[in-house]
Amino acid sequence: MAARTAHATATQRGPMLPYLPRHPVPDVVRVRAPTGDDLWLVTRFELGRQVLTDSRFSRAMAVAESAPAIHPLRADPAALTSLDPPAHGRLRKLVNRAFAPHAVAAQEDSIRRTARGLLKDRRGIDLVSGYAMPLSSATICEVLGVPEAERDRFSHLADRAHGITPCSPEESESARDELRAYFVSLVDLARHDPGGHLLGRLVLAEEQDGALDERELLALVELLLNAGYETTIGQIGLAALALLEHPRQWRELVRRPELIPGAVEVLLRYAPVVPISFTRVAVRDVELGGERIAAGEGVLVSLLHANFDAAENPDPEVLDVGADVARHLTFGHGPHVCLGARLAGLQLRVALEELVRAAPELSLTVPPAALRWRPAEAVVRGPTTLPVSW
Ligand code: HEM
């Protein structure tokens, strides 16, 4: 199929997955992952949504040892992300309850207090280590009910486990082991005192329905940290950088902070922190965008390219915080759509509202080219430093 409008990345800064094309690409294209496996990459918005909702593309098949993969580590076949309907729906329904709108909204005050405290009496800060990281860490600690006194240790472990603080693979592995052991005590704590946090709600869901066993609960806790921590850090960093590079847009938010909720959607579209979906595997032969995907072949959706599909967003390369529509696949779509989307959106909104309020004269203190970035091959993107002053 002819290359049309799916050229995603002219405005995207920083290293990018090497197999993700930066130039105009066909709607459905073959790419070779670092594993040596060839997979299909879907680059259009509507086709991407189709793949993410179509039961002919399976997540369960994609975690099998023999399936084509983008990296050597296989996901746990029992994890929420690895299940197909109907098993997925059963677990997801329970977890959704813990992430219901009112439960997420109840986090706003504490997220705001943290954000405000981090900016108070400051004239400069590193927006990654001094803002996005502690904000995301405090939020995930609230979600999991980590007691105040243990939060520093928890953050230290989480940063190592996810390579956010540079460390050797052995140190990272040992942090992951320590965290897993810690999760057992967190679940235990939540059983005795479910408190007001989301893990407490999950435990209650288990006790009321007998539907979540201990192993599922522990796997979910691990997944929440894996899926929710570095993504939020990266997303706050990318959104802030996009605004720092578009000072007129920043000034517009300072002048009209009521635009921030809409601007959050605009920024999520423009600078998605996770550029690709998880892999799916075709259950049988499928025609897609003029290509024939054979049963057993792997399919990825480029969330990044989909967000820049001109059929959905006119002038996709333009960042306009006042735009009234921002259609994006940044949180995926369909059954596996991001469980934490509402919570992530809330964090991004509050982070920006507090930044606009405390630091209207915000600017980078180094040229953008001097910023450091997460490695190109990392699936979660984002700057690792963002020194600013005001
Ligand atoms: C800006 C931050 C975030 C982004 C961009 C993001 C993105 C995504 C995407 C794209 C998916 C679906 C992948 C696919 O179907 O292939 C996903 C799934 C998921 N996300 Fe997020 N996420 C973010 C934050 C969070 C947070 C804060 C949490 C929880 C605390 C979370 C928990 C999850 C879970 C549990 C899933 C799997 C859902 C399922 O399989 O049913 N995410 N996320």
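The values are calculated or read from the model by the stated rules, or taken from the named source; none is laboratory data. No experiment lies behind these values; they were computed from the predicted model shown. Reconstructed Cβ throughout: ideal geometry from the backbone, glycine too, with neighbour counts over all protein chains shown.
Taking each residue of region 112-125 that is among the polar types (S, T, N, Q) and looking for partners that are modelled with pLDDT under 95 and part of a strand (DSSP E or B) with beta-carbon atoms closer than 9 Å, six or more apart or interchain, yields nothing.
Can you find a residue in region 126-144 that is within 16 Å of the ligand (Cβ to nearest atom), of a type in the set (A, V, I, L, M) and in contact with a His (Cβ under 9 Å, 6 or more places away or on another chain)? For region 126-144, residues within 16 Å of the ligand (Cβ to nearest atom), of a type in the set (A, V, I, L, M) and in contact with a His (Cβ under 9 Å, 6 or more places away or on another chain): present. Does H333 count as more than 30 Å from D109 (Cα to Cα), within 23 Å of the chain's Cα centre (by Cα) and not basic (K, R)? The answer is no for H333.
Looking only at region 250-266, decide whether some residue is within 13 Å of the ligand (Cβ to nearest atom) and in a helix (DSSP H, G or I). Break it down stepwise before answering.
First, pick out the residues of region 250-266 that are within 13 Å of the ligand (Cβ to nearest atom): 264-265.
Right, trim to in a helix (DSSP H, G or I) and you get 264-265.
Yes, some residue in region 250-266 is within 13 Å of the ligand (Cβ to nearest atom) and in a helix (DSSP H, G or I).
In region 72-94, the residue that is farthest from the ligand (Cβ to nearest atom) out of those that are in contact with a helix residue (DSSP H, G or I) (Cβ under 7 Å, 6 or more places away or on another chain) and in a loop (DSSP other than H, G, I, E, B) is R74. Which one of the conditions (1) within 22 Å of the chain's Cα centre (by Cα); (2) free of Cβ contacts under 8 Å to residues at least 40 places away in the same chain does G14 fail to meet, given that it meets all the rest? Condition (2) is where G14 drops out.
Taking region 313-345 as the range and being more than 16 Å from the ligand (Cβ to nearest atom) and aliphatic (A, V, I, L, M) as the test, the residues that pass are V318, L319, V321, A323, V325. All of A190, A161 fail the test of being closer than 30 Å to L352 by Cβ, among the aliphatic types (A, V, I, L, M) and touching a Leu at 6+ places or on another chain (Cβ under 7 Å), apart from A161. Of the candidates A190, A132, the single residue that is surrounded by 15 or more Cβ atoms within 10 Å (Cβ to Cβ), in contact (Cβ under 8 Å) with a residue 24 or more places away in the chain, touching a Gly at 6+ places or on another chain (Cβ under 7 Å) and within 27 Å of R349 (Cβ to Cβ) is A132.
So that you can scan it fast, the table gives a plain yes or no per residue for (1) basic (K, R); (2) surrounded by 18 or more Cβ atoms within 10 Å (Cβ to Cβ); (3) not in a loop (DSSP other than H, G, I, E, B):
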| position | (1), (2), (3) |
| --- | --- |
| H305 | no, yes, yes |
| A310 | no, no, no |
| G322 | no, no, no |
| A326 | no, yes, no |
| L343 | no, yes, yes |
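Per the listing D109, D121, the residue uniquely out of contact with any helix residue (DSSP H, G or I) (no Cβ under 8 Å at 6 or more places or on another chain), assigned to a loop (DSSP other than H, G, I, E, B) and more than 30 Å from L39 (Cα to Cα) is D121.
Among the listed residues V318, V283, which satisfies the condition of being in contact with a Lys or Arg (Cβ under 6 Å, 6 or more places away or on another chain) and surrounded by fewer than 19 Cβ atoms within 10 Å (Cβ to Cβ)?
Values: V318 fails: in contact with a Lys or Arg (Cβ under 6 Å, 6 or more places away or on another chain).
None of the others qualify; the one that does is V283.
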